Protein chains: 2
Amino acid sequence: MSSVQGGSHAASYERPYRPAQPEGTPVADRRSAIRQAALLLFAAQGYRSTTMADIGAAVGIRGPSLYKHVASKQELLAEIMIGTMEQLIADNIVAVAGADDVRERLRRSVEAHIRYHARHRLEAFVGNREIGSLEQPDQDRVLGRRSDYERRFRELIEQGAAEGTFHVQSTRIASYSILDMGIGVSSWFHEGGEFSVDQLAYQYGDTALRMVGALPHSGTRNGDEPE
Amino acid sequence: MSSVQGGSHAASYERPYRPAQPEGTPVADRRSAIRQAALLLFAAQGYRSTTMADIGAAVGIRGPSLYKHVASKQELLAEIMIGTMEQLIADNIVAVAGADDVRERLRRSVEAHIRYHARHRLEAFVGNREIGSLEQPDQDRVLGRRSDYERRFRELIEQGAAEGTFHVQSTRIASYSILDMGIGVSSWFHEGGEFSVDQLAYQYGDTALRMVGALPHSGTRNGDEPE
DNA sequence: TCTGATGGCTAATGGTCAGTAGCCAAGCTC
DNA sequence: GAGCTTGGCTACTGACCATTAGCCATCAGA
């Protein structure tokens, strides 16, 4: 066994070479595995503190090999952040579409917001913390979506206030407060804890309605079942 | 003008040397100026992306000169983060001390919370975003204070719930929601905007009471004056 | 069986950065 | 005015890191 696999340029030790197509790794999954690993690491260590070598190690390859699948580290971040905002807005559109009543529309919007932040807590967490790590023009794009998203909530609250259904001093503060609660969820929620995603969504929906003065009073005596 | 100030090791160009004690810079302020510059930069660019040279430039000196005033970059971060938690807890103790009624105690706690996050928004912002950049054992210390702080709110809400004054499904979710709203404030508030700090504090105090079901109904008809 | 594409690898490149070493001027104290 | 202290400075060190260059094994298809 004298033939060294590394070729002429390599040192004379046995290189731990892995074949291009190892056992349990379907080729199409590689890219999404990398994305998932990046997400986990960005969330745990921050974008700047995560190295390409870290991401590579998480999927069983070396840092430079990642470039066979991905253009840059920045691209991984951009994908996560833009995807997050797109999904939030898409979910919101669906949520609102199902109801005419402002109260119900706000409830559903909040539930969708919470659901996303609980189910995709890492995306949401990274999406919030790493805005500054995103280069232009993507940063502006994400900030634009974010402000669109906030406007959707604000306009709902304005509408409710105009109708006399909601009672708030500032629609902007109300929308910020509601959204910020959701953002908070992404920093502490974990599956298998005290509450299910559905319970959480329902409770926050309730809380939001209280905040805008749309629940008659101490309300919320209907246990915990959602919908 | 042939005498080069840089000494024998230096190159032969005119060095822009500043005297040890320049005009308008009282010596005692140097350290706090550095701290302030670090705070600004950490908030704007993040801890990892801020270099010692950046901080130096912000106070008119070179990066390495900072080490005459500060032990390390990490020390600057630790000071900010520990100081923030200490202050929040101290403010909370004072706020609660002034009242017996749970309702009033919660209101004052929330107002203090909001006031801090508005007045010291950079500290609060950095304090939240950079926990992961803080090395041990400081990180655990800060997390410990944070959890003490949360407990203070939660116990207040538990007490109110036991008395029948508050009505919530989960005291933990209620405390998290309230605190998260404040954290949000530190990310968007700016002096000179639509609301003063006092107005903000008052409105959030109101909102928090609504959230725990302690305001009879649509409430809040008393304009905007605090206290 | 050849050949191109794919996806690994190591080595190198170019850059950045925290922190250290050592020099020096100004000012204070004795 | 000698000498110490303070707080600047430049140069350097050691490390780290994203990305590129270029090599090669495997595999699919002709």
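Just checking, does region B:62-71 include any residue being at pLDDT below 95 and surrounded by 13 or more Cβ atoms within 10 Å (Cβ to Cβ)?
Scanning region B:62-71, I find at least one residue that is at pLDDT below 95 and surrounded by 13 or more Cβ atoms within 10 Å (Cβ to Cβ), so the answer is yes.
Counting only residues that are of a type in the set (Gly, Ala, Ser) and without any contact (Cβ under 8 Å) to a residue 40 or more places away in the chain, which one in region A:163-183 is most open to solvent (accessible area, probe 1.4 Å)?
A:GLY164
So for region B:178-191 (the condition being modelled with pLDDT of 95 or more, part of a helix (DSSP H, G or I) and more than 16 Å from the chain's Cα centre (by Cα)), does at least one residue qualify?
yes
Can you find a residue that is within 16 Å of DNA strand C (Cβ to nearest atom) and either of a type in the set (A, V, I, L, M) or over 26 Å from B:GLY184 (Cα atoms) (or both) anywhere in region B:117-131?
Yes; the residues of region B:117-131 include at least one that is within 16 Å of DNA strand C (Cβ to nearest atom) and either of a type in the set (A, V, I, L, M) or over 26 Å from B:GLY184 (Cα atoms) (or both).
Quick one: in region B:125-156, of everything that is open to solvent by less than 50 Å² (accessible area, probe 1.4 Å) and of a type in the set (A, V, I, L, M, F, W, C), which residue is farthest from B:GLU75 (Cα to Cα)?
My answer is B:LEU156.
State all residues of region B:74-105 that are touching a helix residue (DSSP H, G or I) at 6+ places or on another chain (Cβ under 7 Å) and without any contact (Cβ under 8 Å) to a residue 24 or more places away in the chain; if no residue qualifies, say none.
B:ALA95, B:GLY98, B:ALA99
Return the total of residues in region B:185-205 being at the interface with chain A (Cβ under 9 Å from one of its Cβ atoms) and surrounded by fewer than 22 Cβ atoms within 10 Å (Cβ to Cβ).
Number of matching residues: 5.
Let me spell it out: the conditions are (1) outside the structural domain of A:ALA201 (by TED's automatic domain parsing); (2) under 28 Å from A:PHE195 (Cα atoms), and A:LEU66 meets all of them except one. Which number is the exception?
(2) is the only condition that A:LEU66 fails.
Which ones in region A:43-71 are more than 9 Å from DNA strand D (Cβ to nearest atom), in a helix (DSSP H, G or I) and not hydrophobic (A, V, I, L, M, F, W, C)? Please lay out each step first, then the result.
Step one: of region A:43-71, the residues more than 9 Å from DNA strand D (Cβ to nearest atom) are A:43-46, A:57-61, A:69.
From what's left, in a helix (DSSP H, G or I): A:43-45, A:57-59.
A:GLN45 - this is the single residue of region A:43-71 that is more than 9 Å from DNA strand D (Cβ to nearest atom), in a helix (DSSP H, G or I) and not hydrophobic (A, V, I, L, M, F, W, C).
Checking A:ILE93 against (1) assigned to a helix (DSSP H, G or I); (2) closer than 18 Å to A:ARG31 by Cα, only one condition comes out false. Which one?
Only one criterion is unmet by A:ILE93, namely (2).
Since B:ARG103 meets every condition but one in (1) within 14 Å of chain A (Cβ to nearest Cβ); (2) of a type in the set (D, E, K, R); (3) not in a helix (DSSP H, G or I), which condition does it not meet?
Going through (1) within 14 Å of chain A (Cβ to nearest Cβ); (2) of a type in the set (D, E, K, R); (3) not in a helix (DSSP H, G or I) one by one, B:ARG103 breaks only (3).
Considering only residues of region A:34-73 that are in contact (Cβ under 8 Å) with a residue 12 or more places away in the chain and within 13 Å of another protein chain (Cβ to nearest Cβ), which is farthest from DNA strand C (Cβ to nearest atom)?
A:ALA43
The values are calculated or read from the model by the stated rules, or taken from the named source; none is laboratory data. Since we're looking at a predicted model, the values are computed, not measured. All Cβ positions, even for glycine, are placed from backbone atoms using ideal geometry, and neighbour counts span all protein chains on display. Surface accessibility is based on the protein's heavy atoms, side chains included, excluding ligands, DNA and RNA. Shrake-Rupley method; radii C 1.70, N 1.55, O 1.52, S 1.80 Å.
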